[in-house]
Every structure is written in C-alpha cells, then in structure tokens.
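Okay, so here's the structure we're looking at.
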Amino acid sequence: MVEWFSDALEPLEKKTEVRTYRVALSCPECGEGEMVFTGMTWPTVNPGYHHKCTKCEYICAIRGRQYPQTRTEPK
C-alpha cells in the first residue's frame, strides 16, 4: 500500500545551504560569444537543444543540455 503525504511535511524536510553557479558554454566557432538556448528542440530520445552564439550568431544543437545552466553544490 502506498502512503500519501500532502501537508505537514516540514518536520521531514531537510534544509541545506548551497552555493549557486551560472555555467556558460563558449562558442565553438568564434570562442568569444556564449551559446544560449533558443527554445528550439529536436524531439528525440536524448533531445538536441538549439543554441545560438551571442557574438557571431553560430547555431548548433547540443544533445541533452541547455545553456546557460544554474548549478548548485553544498557549501
């Protein structure tokens, strides 16, 4: 039997302070711009996300990742 929880979960929650990082991807074409997700996606098993360079406007698809990203890690 599956037990359902809705409210009163606060005593079970664990808060951890983290550091937040912004991860950018440099343009593989010009090396100066930053690749930014355009909103277009190839709908495959492991999707390809379209990115465009902020400097030279180079466009490519990156499999399985969108940039820029926000990542966290424990302090």
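The values are calculated or read from the model by the stated rules, or taken from the named source; none is laboratory data. All of these numbers come straight from a predicted model, not from anything done at the bench. For neighbour counting, all protein chains shown are included, and Cβ atoms are generated from backbone atoms with ideal geometry for every residue, glycine included.
Computed quantities for the displayed model
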{"item": "Residue selected from the range 1-35 under the condition closer than 30 Å to C53 by Cβ and of a type in the set (D, E, K, R), by the criterion nearest to the chain's Cα centre (by Cα)", "result": "R22"}
{"item": "Close pairs from the range 41-60: first without any contact (Cβ under 8 Å) to a residue 60 or more places away in the chain and basic (K, R), partner surrounded by fewer than 16 Cβ atoms within 10 Å (Cβ to Cβ) and not in a strand (DSSP E or B), Cβ under 8 Å, at least 6 apart", "result": "K52/Y58; K55/C30; K55/E32"}
{"item": "Residue in the range 61-70 that is surrounded by the most Cβ atoms within 10 Å (Cβ to Cβ), counting only those that are part of a strand (DSSP E or B) and free of Cβ contacts under 8 Å to residues at least 24 places away in the same chain", "result": "A61"}
{"item": "Unmet requirement for P43, which otherwise passes all of (1) in contact with a strand residue (DSSP E or B) (Cβ under 7 Å, 6 or more places away or on another chain); (2) farther than 28 Å from E17 by Cα; (3) modelled with pLDDT under 95", "result": "(1)"}
{"item": "Positions within the range 3-47 being out of contact with any Asp or Glu (no Cβ under 9 Å at 6 or more places or on another chain) and among the polar types (S, T, N, Q), in sequence order", "result": "S6, T16, T38, T41, T44, N46"}
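Rundown of residues vs (1) surrounded by 13 or more Cβ atoms within 10 Å (Cβ to Cβ); (2) small (G, A, S); (3) outside any loop (DSSP other than H, G, I, E, B); (4) at pLDDT 95 or above, yes/no style:
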position: D7; (1), (2), (3), (4): no, no, no, no
position: K14; (1), (2), (3), (4): no, no, no, no
position: R22; (1), (2), (3), (4): no, no, yes, yes
position: E29; (1), (2), (3), (4): yes, no, no, yes
position: V36; (1), (2), (3), (4): yes, no, yes, yes
position: G39; (1), (2), (3), (4): no, yes, yes, yes
position: H51; (1), (2), (3), (4): yes, no, yes, yes
position: E57; (1), (2), (3), (4): no, no, no, yes
position: T72; (1), (2), (3), (4): no, no, yes, yes
